[in-house]
Amino acid sequence: MAPLTLFKQQRLPAWQPLFSLNYIVVSFVLLGAVFGLIGIVLSSANVNAKEIVVRYDQINRCTLSSHSGAFAYRVSDEHMYRTGCLTEVPFEVTSYMKAPVYLYYGLSNFYQNHRRFVNSKSDKQLAGHEVSKRSLEVGSPLAYPWEERSTVEEFRVGSYNYSLFDFVYSPAGLIPWSMFNDTFLLYRVASDTERQLLCNSSAFSRLTNKPLEAVAAFGKGCIKKGIAWSSDVKEKYKPIYFPPYQTHHGPPLRDRAPYFVWSASPSAYGQNASATSDNVYFENGWYNEEPGHAIPVSTDEDLMVWARAASMPKFRKLHRILNQDLSPGKYIMVVGEHYDVSSFNGEKFFVLSTLSWIGGSSLCLQKMYLYIAAASLISAVVFFFLSKQYKSRAVQAVEASFKQLKYF
């Protein structure tokens, strides 16, 4: 039998913290001082980070069923499809905003963190790799143009006839399909009859994210390249995979055994569009039977920003970066409204913001530190009065010992 030890008998010496009320008061005072100081520093930083938030969906209440028809898309020789609204949103900049100024769009009541939404894209396809039918199942029901269609008709591409069953969306899934597509034109109001254009958010290449030639000579304005994470640009998002020509299908299409690519128009990827089609949706790079709803380009940084799922139902995402200062005065944002939020009772807004050394304005973080500091100081006051009202256990124990000694 092994000898009994202090360890086995659980008699090793130990230290047990028994703090007196005085120590507790000092601890809460120090905690309140530290958190209060941090809260004050954050408050000072938030003052330097200017921010303007403007909601605009309630102005025209533009939806797919109720709109002004500001944008027209030719579906056939006889039919012109109209949708969307042009909404002018006047606002005022009250304090000087030093460049860079960040333009965000925001949505509310949109749950990007839903499991099906987060998984509804093919990372392999977006990275430019060849994908199989099985790997695209996560994108259903937005992986193929024939899904959720009552009829599957044939149409011509080049000199050959094909069916919707021959195609796959590239990129596939709910995330690309639901990408935010409102456009923004920011003007400075110089006078009652003169406006100065500061930023045209749609005047950028979706392939390279650089300004189009039409605005290359504009000078400053705003930029799009750099709004996404560098890791996404370098590693996760590449031009989609176009399989080599297959002679048995002829040269017009690039075959993806057994599917063809239904994507943005080839010119969007720098490809020569040598084949024409009598299917207007395929020809223009739209989702099937959705006039004007353009399929995203996989290298578009707007898609990369959108695909970074937000953790809360109300969120904002970086859209453009303005490289010029905004002086106090009147401004107008002309919004091309395409995005319908009525189906989920959402709200749309845009944000103009500058950054401080801690980033953007963070009132939540500031309030959290100040609330903790206030709670700590209130607790310190409460325990201070308790220490005056009641003696510590150590003092009571000593007095009890003296009373016992008095009787011996």
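The values are calculated or read from the model by the stated rules, or taken from the named source; none is laboratory data. No experiment lies behind these values; they were computed from the predicted model shown. Heads up, the Cβs are rebuilt from the backbone with ideal geometry, glycines too, and the neighbour counts pull from every protein chain shown. Heads up: the accessible areas ignore ligands, DNA and RNA and are worked out on the full protein's heavy atoms, side chains in. Shrake-Rupley method; radii C 1.70, N 1.55, O 1.52, S 1.80 Å.
Note on region 136-173: residues that are in contact (Cβ under 8 Å) with a residue 12 or more places away in the chain and either acidic (Asp, Glu) or touching a helix residue (DSSP H, G or I) at 6+ places or on another chain (Cβ under 6 Å) (or both) amount to 10. Taking the residues in region 140-178 that are part of a helix (DSSP H, G or I) and of a type outside the set (Val, Ile, Thr) as candidates, determine which candidate is most open to solvent (accessible area, probe 1.4 Å). My answer is Phe165. Could you say whether any residue in region 92-99 is among the polar types (S, T, N, Q) and touching a strand residue (DSSP E or B) at 6+ places or on another chain (Cβ under 8 Å)? No, region 92-99 contains no residue that is among the polar types (S, T, N, Q) and touching a strand residue (DSSP E or B) at 6+ places or on another chain (Cβ under 8 Å). Among the residues of region 310-330, the one identified as of a type in the set (D, E, K, R), under 9 Å from the mean Cα position of the chain (by Cα) and open to solvent by less than 20 Å² (accessible area, probe 1.4 Å) is Lys317. Where strands (runs of 3 or more DSSP E) sit wholly within region 1-120, those with at least 3 residues that are surrounded by 13 or more Cβ atoms within 10 Å (Cβ to Cβ) and among the β-branched types (Val, Ile, Thr) occupy 51-55, 85-93.
The single residue among Ile321, Ile378, Ile372 that is within 21 Å of Tyr96 (Cα to Cα), of a type outside the set (Gly, Ala, Ser) and not in a loop (DSSP other than H, G, I, E, B) turns out to be Ile321.
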